[in-house]
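Working notes, structure below.
The values are calculated or read from the model by the stated rules, or taken from the named source; none is laboratory data. Computed from a predicted model, the values in this text were never measured in an experiment. Quick reminder, even Gly has a Cβ in these numbers, built from the backbone with ideal geometry, and neighbours come from all protein chains shown. In case anyone asks, the SASA skips ligands and DNA or RNA and just uses the protein heavy atoms, side chains included. Shrake-Rupley method; radii C 1.70, N 1.55, O 1.52, S 1.80 Å.
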Amino acid sequence: SVCKGLSTQKLTWKHYLTIGLWFGGFQALMPTIGCFLGSTFESYITSVDHWAAFVLLAIIGVNMIREGLRKDEPEEDQNASFSFQTMLVLAVATSIDALAVGITFALLPDVNVPLAVCLIGITTFLCSAAGLRVGNLFGLRYKAKAELAGGIILILIGLKILLEHLGVISF
């Protein structure tokens with residue numbers, strides 16, 4: 001959401017709702033799906049989730065960097081950056097590891113899954129909307145480098161997810 005805010009000139013309530021619903025919705029949806037899948041597919045999901053997140057975020061990040069380094073300033077379509085396809089890829093890439101959280105929910109006997117999922121979704125909605133605004137404020141001041149920074153941030157998030165799952169780093 002911060003990266004989206006970096007590359008958006010003028011925010012509307014539609015942008016806040018779009019970001020919040022996509023990210024909050026997927027952060028709630030993925031643990032729900034993971035819980036239903038349970039331990040049956042745990043080894044398959046956890047063996048590839050970090051790679052999928054890394055690849056998706058790296059592709060989006062590289063595209064943002066390429067746009068940030070472009071000499072000409074094409075007229076931006078503000079709604080294209082919030083298109084269904086773009087938001088779907090971002091929402092899946094940033095929430096795919098939450099699938100494993102849902103699998104963990106299925107293995108723990110005393111977890112109130114509906115409450116946990118609702119709290120995850122609401123918290124992510126609010127943080128994503130706030131992140132959009134923070135990114136937008138930063139982007140307005142440093143417009144020329146905002147897209148470049150956003151792309152680098154997405155690649156670093158993907159790299160962090162990958163390295164954590166490979167056991168190279170832990171946070």
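Restricting to lysine pairs 8 or more places apart or on different chains, what number in the chain have Cα atoms under 29 Å apart?
Total qualifying Lys-Lys pairs in the chain comes to 14.
So how long is each side of the chain along the principal axes, counting just the alpha-carbon atoms, biggest first, in Å?
55, 34, 27
Can you tell me the order of 105-114, 156-165, 53-62 when each peptide is scored by its average per-residue count of other Cβ atoms within 10 angstrom, highest first? Please list the in-between numbers first.
Numbers: 105-114: 12.0, 156-165: 17.5, 53-62: 19.3.
Result, highest mean first: 53-62, 156-165, 105-114.
Relative to the longest principal axis of the chain, what angle (0 to 90°, nearest 10) does the C-alpha long axis of helix 84-95 take?
Helix 84-95 sits roughly 50 degrees off the main axis of the chain.
Report the dimensions of the range 89-149 along its three principal axes from the alpha-carbon atoms, largest first, rounded to Å.
51, 19, 14
What value, in deg cm²/dmol to 500, does the helix sum -39500 (n - 2.57) over DSSP H runs of n ≥ 4 give at 222 nm once divided by the residues of the chain?
-26500 deg cm²/dmol
Of E67, E147, which has the most accessible area with a 1.4 Å probe, and how do the rest follow in descending order? All intermediate terms of the calculation are to be shown ahead of the outcome.
Values: E67 70, E147 50 Å².
Order by accessible area, largest first: E67, E147.
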